[in-house]
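Trainee: First the structure, then my questions, so here it is.
The values are calculated or read from the model by the stated rules, or taken from the named source; none is laboratory data. Since we're looking at a predicted model, the values are computed, not measured. Because the Cβ atoms are built from the backbone with ideal geometry, glycine has one as well, and the counts that use them run over all protein chains shown. The accessibility values were calculated without ligands, DNA or RNA, using every heavy atom of the protein model including side chains. Shrake-Rupley method; radii C 1.70, N 1.55, O 1.52, S 1.80 Å.
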Amino acid sequence: MLQHDVLVVGAGLAGMRAALAAKQAGANVAIISKVTPVRSHSNAAQGGINAALTDRGDDWKEHAYETVKGSDYLGDQDAIEILSQDAGRAVIELEHMGVVFSRGPDGLLGTRRFGGQQRARTFFVADITGQAMLHVLFEQLLKSGITLYEEWFVTSLVMEDGQCRGVVALEIKSGKLELITSPAVVLATGGCGRIYEPSTNGLIVTGDGMALAYKAGAPLMDMEMVQYHPTTLKQNGILITEAARGEGGYLLNGKGERFMDKYAPSMKELASRDVVSRSEQTEINEGRGVNGCVLLDLRHLGRQVIETKLAYINEVALDYLGISLAEAPIPIRPGMHYMMGGIKTDVHGATRVPGLYAAGETACVSVHGANRLGANSLLDTVVFGRRAGDASAAYAKERGHKNVSEAFVADEEARIKGILARSTDGDSVAKIRLEMGQVMNDNISVFRHEEGMKKAQTTIRRLKERYARVGVQNKGKVFNTGLIFSLELGYMLDVAETIAAGALARKESRGAHARVDMPDRDDANFLKHALVFRTESGPRIDWLPVTMTQWQPQKRVY
Amino acid sequence: MQITLRVKRYNPEAPEERRSWTQDYKVDVPEDSTVLDSLIQVREYVDDSLSLRCSCRGAICGSCAMRVNGHAALGCKSKVQKLLGKDNVIAVEPMGNQPVIKDLVVDMTVFWDKIRQVQPWLQPQGPEPEAEYVAPNEAMQHLVGVMGCIMCGACVSDCTVLEVDKNFIGPAALAKAYRFVADPRDGHAKDRLGLYNKAGGIWDCTRCFECVQVCPKGVAPMDRIMALRDQAIDAGFIGSYGARHAEAFASSVEHSGTVNEMSLVVNTFGMFNLPKLLGLLPLAIRAGYKRKMPPLFHKPVEGIAGVRRIFHKAEEQQKAARG
Ligand SMILES: Cc1cc2nc3c(=O)[nH]c(=O)nc-3n(C[C@H](O)[C@H](O)[C@H](O)COP(=O)(O)OP(=O)(O)OC[C@H]3O[C@@H](n4cnc5c(N)ncnc54)[C@H](O)[C@@H]3O)c2cc1C
Ligand code: SF4
Ligand code: SF4
Ligand code: FES
């Protein structure tokens, strides 16, 4: 049996930041990840990280206000204040660790503009900000000597007396299941994008932590808040960063019009993401698109800007479309991108299950509410990752270790044996996943309505039944990715069900949850979070008031 | 589009004689598919026992390096259409220079051990400033080019030296090393250069160019290694075997225009073929290391003035490039 004070599940930005903080607080920390840390999906973040630096004349209150407004007033304002107040420190800390942020002519950190914000307060490394940050945090992890269980897959949480006491995990290389105990577990497992098809998210982003916490009794929150990013490639869902518009890119419809003038006269292309995605979808739906897309035009930015500041997306456009951004506009459309919802935590990352913490995209603090501002998520990972690390270390110290029965491993062994024993006749994990992805993308996306969401809900239920019967062809132990996909699909179906439940419960339109059958925001009845609890008969919804400090709801115009 | 993926497979759990084999998968894929898309189609709809790593599909996570038609590449950056050979076959194998775990999955433990060896974290000197370090944007831009490395291992897979010398730190780790040496915020460039100036370090590269060719992110590890060599010499590491022989070679060529006994007559490559000429340096270094380097006494060749000019020019250019 392996034992640590704090066990962090996930080695993306949130997980590594949490592990470093817990280590600094004196805990014996281990970090476990189903992929090598630098493969984590944080590396795909392109555009940047927000911070209002006071020595640049910016004000955290402006950042906080714009985040609140962006969230369509569903974000908890106490948490948003923490986020924006701590942002400057977090960015400078990253710089000191080694992140090679772009600079201005004076050698100081430079910024670019991002959506939903009046000021340029997004710090960036060309268009590979996530990769730059992830690799630097990994460097710090190597330096720290924190134990790393690399390519280990967590199959369940160890729950005893209502407390989380560790995990059971599969060492992918050997196929061996191990018990790892710790008085505090931090889930930093990222989002759940693969529930949708297509998605900007990597194939490993399967909502594992959300499903694990949900099963352990911790509620998920605001799961209906699924962000569609305005600029993704039709063909494979790959993201074209908002920085393309931040640097001055235009959106054009099939008639060559800059249609955002109509929908957001003041912020135009840089309105909030939900607003831009809806505008694009409206253009497409009303016949002013181009083969189901609209166009992103960067030609006027010039080669120099494109090749230095937007080099990666230029590479993507060349690789997948054969188009150079300096020469022609590219077709793009809204695509599933980010989960505002997640495991409900307080501002210290604590879930409602003792011993269980969460941070990053898998958590919902909530700083993003009904719509996240671009470049606020990287910030969320490092600010709340650190806080979860601190809090979990303190909790572990106070509680100390308890013996845990090895029976937990035997249970998981039996479960996995069961999956491997099933036949694969006719059905497959891949087919079920694709059907789930399509039904979610068709019905719980940019625009929604009752009937569609119900259809998604019943389809997911049916798919769950099929899932319970489907097996995998690969019966081996060593690097059995077939088995891993099967386990991931189980997680995704559970999470998909909570998304549908939340969406059906919210009978209004707010942020990313835009219902054509109920187009107005209803503050009187729905200025509140939807908590989803697991019960034997399916998800149960409960409501929680939004925390407000300084900003009262207003009509949202951009 | 009908294609055949000819995949080299390996299953350590199978009986000895059936552990490795080549398997053909015929699949129908869209015209614009990548090799990775096609492999995913196989594993999802044909055979889920085929193991490979992948995630982002966008050449950023570094998971999917493999050998495609004999050369290391990212599966997700390799367009099927450009690779089709006879009978629409594409050959897919695991990366080289790393032990195979299963099918296309290799064990990268040694890769990461070598990354660790170069102390891959920023080591600033003196007290931390309150705000950010002030640093020229150009220097940072330059670093972005190196830290674009996604640690995929493609360069390591195809490095010719690693094939024969497992102790070589290798292209990826040395590129990473360069990233710190070239960082104006790092205060330990000299210690680092000392660290890399050992057997297995910067002098072991033969400049075969493979790593530059296969790197999917334009990191050009070989160029970074050459830059480290220059800096090592500038920093005074001339006592080491590699640097000593590089210097001897350079001064010999500069002095006489040839390194006789080795038949490395500059003329062979054309007096003005500077890259090729400089490309010979490592050969001499390795020869020297193995004590095969003959004494360097010989008469200047004709046209020596030209050779000297080339050398001085190259030196100036390198100095200018380093700023
Ligand atoms: C294409 C793209 C671009 C983006 N651009 C930006 C941007 O410019 N600015 C911004 O602020 N945000 C951006 N975002 C959002 C942001 O990148 C993510 O929300 C954030 O990086 C998530 O980090 P994380 O640490 O929570 O999770 P991740 O980085 O996804 O890490 C999850 C970790 O959990 C591990 N894990 C998961 N399940 C298991 C399991 N069962 N067992 C063991 N380990 C497990 C994984 O191995 C991984 O290490 C972008 C997102 C995408 C997809
Ligand atoms: S150039 Fe040097 S480092 Fe690169 S592959 Fe050849 S020998 Fe290896
Ligand atoms: S240098 Fe290039 S080939 Fe080598 S690991 Fe980095 S990205 Fe891959
Ligand atoms: S899948 Fe990420 S690099 Fe190819």
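Trainee: Tell me which aspartates and glutamates have Cα within less than 14 Å of A:LYS143's Cα, excluding those fewer than 8 residues away on the same chain?
Mentor: Straight-line reach from A:LYS143, under 14 Å: B:ASP113.
Trainee: Let me test this: with uniform point scatterers at the alpha carbons of segment A:490-557, what is the Debye-based log₁₀ I(q)/I(0) at q = 0.20 1/Å?
Mentor: Here log10 of I(q) over I(0) equals -0.91.
Trainee: State the three equivalent ellipsoid semi-axes of chain A, derived from the C-alpha gyration tensor as the square roots of 5 times its eigenvalues, in descending order and whole Å.
Mentor: So the equivalent ellipsoid measures 35, 27, 23 Å along its semi-axes.
Trainee: I would also like to ask the following. Check A:LEU187: other-chain or 5+ apart residues with amide H under 5 Å from its amide H, H built from backbone geometry?
Mentor: For A:LEU187, whose amide H was placed from the backbone, the distant partners under 5 Å are A:VAL9, A:TYR357, A:ALA358, A:ALA359.
Trainee: Which far-off residues, 5 or more places away or on another chain, put their amide H under 5 Å from the one on A:VAL158, with H placed in the peptide plane?
Mentor: A:ARG165, A:GLY166, A:VAL167, A:VAL168
Trainee: Would you please give the residues with an amide H less than 5 Å from that of A:GLY335, counting only those at least 5 places away or on a separate chain, with H modeled from the backbone geometry?
Mentor: Sorted by chain and number, the residues that satisfy this are A:HIS229, A:THR231, A:THR232.
Trainee: To continue, here is another question. What residues in segment A:69-114 lose 50 Å² or more of accessible surface when the other protein chains are added to their chain alone (1.4 Å probe)?
Mentor: A:HIS96, A:VAL100, A:ARG103
Trainee: Work out, step by step, the length gained on full extension between A:LYS143 and A:ARG415: first 0.36 nm times the residue separation, then minus their alpha carbon distance; give nm to one decimal.
Mentor: Result for the pair: 94.1 nm of gain on full extension.
Trainee: Return the calculated 222 nm mean residue ellipticity for the protein assembly as shown, to the nearest 500 deg cm²/dmol, obtained by summing -39500 (n - 2.57) across DSSP H runs with n ≥ 4 and dividing by the residue count.
Mentor: The helix contribution divided over the protein assembly as shown gives -12000 deg cm²/dmol.
Trainee: At a 1.4 Å probe, which residues in segment A:465-511 are at least 40 Å² less accessible with all protein chains present than in their chain isolated?
Mentor: Going by heavy-atom accessible area, the residues of segment A:465-511 that drop by at least 40 Å² are A:GLN473, A:ASN474, A:VAL478, A:PHE479, A:THR481, A:PHE485.
Trainee: Within the accessible area of segment B:2-106, what % is carbon and sulfur when the probe is 1.4 Å and the other protein chains stay in place?
Mentor: 47
Trainee: Next up: In whole Hz, what ³J(HN,Hα) sequence does segment A:156-162 give by Karplus (6.51, -1.76, 1.60; θ = phi - 60°), x for Gly and Pro?
Mentor: Once rounded to whole Hz, the list reads 6, 8, 8, 10, 9, 6, x.
Trainee: Okay, next question. Taking the alpha-carbon set of segment A:363-510, what are its Rg and Dmax in Å?
Mentor: In Å, with Rg to one decimal and Dmax whole: 19.8, 52.
Trainee: Roughly what would the spin-label model give for A:THR424 and A:MET548, points 7 Å off Cα along C-beta, in nm?
Mentor: 5.5
Trainee: Modelling each spin label as a point 7 Å along the Cα-to-Cβ direction, I'd like the A:ARG466/A:LEU321 distance in nm, to one decimal.
Mentor: 3.3
Trainee: Calculate how many DSSP beta bridges within chain A are antiparallel, expressed in % of all such bridges and rounded to the nearest 5.
Mentor: 65
Trainee: Further, regarding this structure: Quick check: the angle from helix A:129-144's long axis to the longest principal axis of chain A, C-alpha only, nearest 10 degrees?
Mentor: 30
Trainee: Write down the accessible area per residue of chain A in Å², having rolled a 1.4 Å probe over the full set of protein chains.
Mentor: 32
Trainee: Peptide A:132-138: average number of partner chain Cβ atoms within 10 Å per residue?
Mentor: Mean partner-chain Cβ count within 10 Å for A:132-138: 3.
Trainee: OK, next. Quick check: the angle from helix A:377-399's long axis to the longest principal axis of chain A, C-alpha only, nearest 10 degrees?
Mentor: For helix A:377-399, the angle is close to 30 degrees.
Trainee: Rounded to the nearest 100 Å², what is the buried accessible area between B and A, both sides summed, probe 1.4 Å?
Mentor: Numbers: alone 16730 and 20190 Å², together 31750 Å².
Buried: approximately 5200 Å² between A and B.
Trainee: Take the cross-link list A:LYS262/A:LYS528; B:LYS82/B:LYS217; A:LYS34/A:LYS176; B:LYS102/B:LYS217; B:LYS8/B:LYS86 and give me the ones stretching past 21 Å between alpha-carbons. Before the final figure, lay out the partial values.
Mentor: Values: A:LYS262/A:LYS528 31 Å; B:LYS82/B:LYS217 19 Å; A:LYS34/A:LYS176 14 Å; B:LYS102/B:LYS217 26 Å; B:LYS8/B:LYS86 18 Å.
Cα-Cα > 21 Å for A:LYS262/A:LYS528; B:LYS102/B:LYS217; rest within.
Trainee: Give the share of C-alpha pairs in each 5 angstrom bin for segment A:73-116, from 0 to the last occupied bin, in whole percents, shortest bins first.
Mentor: Histogram of Cα-Cα distances, whole percents per bin: 5, 17, 17, 24, 18, 11, 7, 2.
Trainee: Moving on. Let me understand segment A:207-351 better: what is its radius of gyration from the alpha carbons, and its Dmax, in angstrom?
Mentor: 17.7, 53
Trainee: While we're here: May I ask for the angle, rounded to the nearest 10°, between helix A:13-24 and the longest principal axis of chain A, with both axes built from Cα atoms and the value confined to 0 to 90°?
Mentor: Computed tilt is about 60 degrees.
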